[in-house]
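The values are calculated or read from the model by the stated rules, or taken from the named source; none is laboratory data. Fair warning: this is a prediction, and the values are worked out from it, not measured in the lab. Glycine also receives a Cβ, built like all others from the backbone with ideal geometry; neighbour counts cover every protein chain displayed.
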Amino acid sequence: MKFGIIQERKNPPDRRVVLSPEACVQVQNKFKEAKIIVEPSSIRVFKDEEYSASGITVASTMEECDVLIGVKEVPVEALLPNKKYFFFSHTIKKQPYNRKLLKAILEKNIEMYDHEVITNTKEQRVVAFGRYAGIVGAYNGFRTYGLKYNTFELPKAENLKDQEDLINHLRKIKLANIKIMLTGKGRVGNGAREMLDAMQIRKVNITQYLEEDYKEPVYCQIDASDYNKRKDGVRGNKADFFANPEQYKTNFTRFTKVTDFYIAGHFYGDGAPYLFTREDAKHLDFKIKVVADVSCDIDGPVATTIRPSTIADPVYGYDPQTEKEIDFKDSKAIAVMAVDNLPCELPRDASEGFGTAFVKHVIPAFFNTDKDGVLYRARMTQNGKLTERYSYLQDYVDGKE
């Protein structure tokens, strides 16, 4: 079976790749039936020469491959018919801007597998860039804090080599005795926590965070059951919240009264309450002045995130009184960092981490008759039709939604 590593063609350019040269070698050594061909690319974080030096074929012969593997959406005109494809299609939530892409996938008889729905038997995602979003998001948040208050300067993450390089720069900065709130304990939240711990910032519990004052910076990491509570007053838990989000209301505003810098690394699902609203942000006791919104849900649970920002221009200001965008250095402004493609700033580390998971969980499924159903659960289209699991997208494809 031939696997093709395709060139990324979406703009802005993405330097990440699913399989590094080392990962390609691992696949070919473990599965003798596997052959990998890498399409040439001038932007990929691993150079063509690095693949060639590892004994991996670099050639513009993707039509010879059975399975084509990329990261971002493939432009419609670049899709090769009758192939199996892996990439983030951004269609499973019926995103309007990619309806034409899914329609073309069906018309070209492509068997589509979306990275976002590659799961294990417990329906848990096993291949993701979330950890790296958290790592870069936390770094960018501190960079934003330094820019907001003119207290220190950090280089852009995209100009640094790897996570260790980011950490080395963070360790050089001097922070005031601020309180830092981190929401989420999944891949994103724990990726951000790695950076806070590497900086040796003291971690405190909820009671300490809310009630005590410190002469050093501290942080508190909370999960869904900490920032939501049941409307009926019954004691809830995380499992109940995810099963019945409409039965909950926010309990986050108690933290906004004491937080200086907020890192949003939580997952937000349909029907869940907002953490804080635009009205909440107007209150005189709303203390947050810097937000690193790694989750980046626009006009959603973090009300200050009114648009995504970019790697080139990562910070904007939000005026809570007018609900408008202003200069983030303005004293009235809450500085918002809401870059929606953060792992792109750490392409080598992100690619290596993603590839490790892909080699472990996905590649074997092609050679063991998909005994764990990994391919089955991720397969969105087959024989020119949506699979049963994704049939809910038919109205979206037909333009009825």
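Data overview
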{"quantity": "In region 219-240, residue surrounded by the most Cβ atoms within 10 Å (Cβ to Cβ) [restricted to those that are aliphatic (A, V, I, L, M) and touching a residue at least 24 places away in the same chain (Cβ under 8 Å)]", "calculated": "Ala224"}
{"quantity": "Pick from region 117-136, criterion modelled with pLDDT of 95 or more and assigned to a helix (DSSP H, G or I), ranking: farthest from the chain's Cα centre (by Cα)", "calculated": "Val117"}
{"quantity": "Any hit, region 47-54, residues being assigned to a loop (DSSP other than H, G, I, E, B), without any contact (Cβ under 8 Å) to a residue 12 or more places away in the chain and not hydroxyl-bearing (Ser, Thr, Tyr)", "calculated": "yes"}
{"quantity": "Region 291-314, residues that are aliphatic (A, V, I, L, M) and buried (at least 22 other Cβ atoms within 10 Å of the Cβ)", "calculated": "Val291, Ala292, Val294, Val302"}
{"quantity": "Cross-chain or 6+ apart pairs with Cβ under 6 Å, region 188-204 first and over 25 Å from Val126 (Cβ atoms), then in a helix (DSSP H, G or I) and not β-branched (Val, Ile, Thr)", "calculated": "Met199/Leu170"}
{"quantity": "Any hit, region 72-80, residues being among the β-branched types (Val, Ile, Thr), in a loop (DSSP other than H, G, I, E, B) and surrounded by 19 or more Cβ atoms within 10 Å (Cβ to Cβ)", "calculated": "yes"}
{"quantity": "Asn98 over 22 Å from His266 (Cα atoms), polar (S, T, N, Q), surrounded by 14 or more Cβ atoms within 10 Å (Cβ to Cβ) and in contact (Cβ under 8 Å) with a residue 60 or more places away in the chain", "calculated": "no"}
{"quantity": "Unique match (being of a type in the set (D, E, K, R) and free of Cβ contacts under 8 Å to residues at least 40 places away in the same chain) among Glu111, Glu158, Glu116", "calculated": "Glu116"}
